Every structure is written in structure tokens, then in C-alpha cells.
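**Q** Pasting a structure here, questions to come.
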Amino acid sequence: MFHKILIALTIPVALSGCATGYSQFYKPANGITPEFIAQMRAAPPPSTPLVERIPPINGAAATDAYSKRGYTLIGSAEFNSGRAESENSAIEQGKAVGADLVVILNPQYTGSESSVVPITTPTTTTTYSTGSATAYGKGGSVTAYGSGTSTTYGTSTNYIPITIHKSNYGAGYFIKQKTIIGVQFRDLNDSERKKLQTNKGVVISLVVDESPAFKADLLPGDILNSIDGIQILNSNQFSKLISERKGNEITVQLLRDGRNINAPVKLNP
């Protein structure tokens, strides 16, 4: 995933040919298909995606930051190149995959490589010759003169020293995802189940800015127990309950710092 790319671009990949690195090494995120993108995006893709540039920082924190803004990673590209890669190439790849946002990592210099390039050129050698011959007969002697040329074809190879400066490049491609409630969530872990003495419920791990959950003041770490009085068993059931009630106002019972709270949430359609 993109957060691994952001941590460090440590596996150099040789870039060759005429294709740009951003198109040649683009990989869709796990499970992302054109059908998924069409179904999950909040709006049609823009003619030119939004572009942001960031340094290679802690990947998990960066990914969460974009998730909080409502973006979902659809693919990424990472590669090592000895030629300058244009940001326009990253943007064009974003257009090709229908991205709403292209996040370009600032290039990281990885070192220089010195080598030589053989330059072979054709060579020719021409030899000139002259001569004479005397012939004797009854009428006397006759001297003949003549000249000629011969050409030899070959090659000559010279070795030109060069230095290639290499850098790591990377970009992540995102779409703005439509949300019904606007949270990321997970099942309870073993320590939480032991503390609460139950296997049921889900934990909010992230709240999307300006989403229904955000407006209802749901917070990361809240443990959701029920929706409209129906007990939440696990993540799959929670997703189903939310999907069945999209566009409606629901009441979520949650546990926060040992207190039970009932929170009304107006879901997106």
C-alpha cells in the first residue's frame, strides 16, 4: 500500500525504454478495479486531478491523514531512475486512472553511478599504388605506366565516461470516496473483549472530516454497541446495518471512557 511507499523507497527498479516511470510501474491497490472506482467515488473525475507534493514521511500517518479527508488510495507507482521524471507524467497517469488526487513524493537522490559508453564509428583506409612495366618485341621495347587505389573498411571504438545521478520517485493516486457514515472501524481485539467481557461491538479507528460521524461527534476509540437498539455483533453486520439505513437518522449507542452515550447520526444517502 501507499503507506509502505511513504516510509521508504528502498527497492530500486531500473527504468528503461520510452515509457514514463509513473505509467510503467503503476500498480492498482489491492482489490481496486475500475468497477470499484466507479461505484465508490463521490463524483465524476475532474479533467485534471488535484496535485499535492509531500516528502517521504511516516506512511501510516500520511495515509490516515488522506483517509480523514475522505480519500481512498486506488494505486501507486514507485521506481528508481537515472533520468529526470516530469511531474506532468505523474499527473497524466492520474488522468488515465481517473484519480481525483495525485500525491507526488519529492524525489530522493540515491547516488551516482559512473560507467563508460562505447562509441563505435566507421573507418576507411585507402592505399594508392603506381607502377611501370617494359615489354620487348621485334619492333623494340615499350614501357607502360599504371596506377590504382584499394580501400579497406573497418571500425574504431572510443569509450566515453559518463555519470548517472539516480533518484527514487513515487506517487499515490486517490479518489474521493462517498461515505454513508464516514468512519473506519474494526472488530474488538482480545484485550478489549476481556476488559469488556463481550465479543460484540466494533471500534472506530478513524473519522472522516465533515462526514455524518464527524458532525455527530463520534470519535476514534469509541466502541459502538448498537444501532437503533439492534446489537452490533461485528464489522460485517455493522456495515450491513449502516447500508440498510442510508439517508436516515439513526441512534448509535456507544461506550466512551466507561460511559454509555446515545448519539443521533444523520446518514448520507
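The values are calculated or read from the model by the stated rules, or taken from the named source; none is laboratory data. This structure is a prediction, so every number in the text was calculated from the model and none was measured. As a convention, Cβ positions derive from the backbone with ideal geometry for all residues, glycine included, and neighbour counts pool all protein chains shown. Remember, those area values only see protein heavy atoms, side chains included, never the ligands or the DNA or RNA. Shrake-Rupley method; radii C 1.70, N 1.55, O 1.52, S 1.80 Å.
**Q** Name the one entry in Gly70, Gly98, Gly31 that is at positive phi and within 14 Å of the chain's Cα centre (by Cα).
**A** Exactly one of Gly70, Gly98, Gly31 is at positive phi and within 14 Å of the chain's Cα centre (by Cα), namely Gly98.
**Q** Still on this structure: So how many residues does segment 52-84 have that are open to solvent by less than 50 Å² (accessible area, probe 1.4 Å) and assigned to a strand (DSSP E or B)?
**A** Selection size over segment 52-84: 12.
**Q** If you don't mind, another one. Quick one: which of Ser112, Ser67 is out of contact with any helix residue (DSSP H, G or I) (no Cβ under 9 Å at 6 or more places or on another chain), polar (S, T, N, Q) and in contact (Cβ under 8 Å) with a residue 60 or more places away in the chain?
**A** Ser67
**Q** Restricting to segment 20-41, count the residues that are in contact with a Ser or Thr (Cβ under 8 Å, 6 or more places away or on another chain) and either farther than 21 Å from Ser89 by Cα or free of Cβ contacts under 8 Å to residues at least 12 places away in the same chain (or both).
**A** 1
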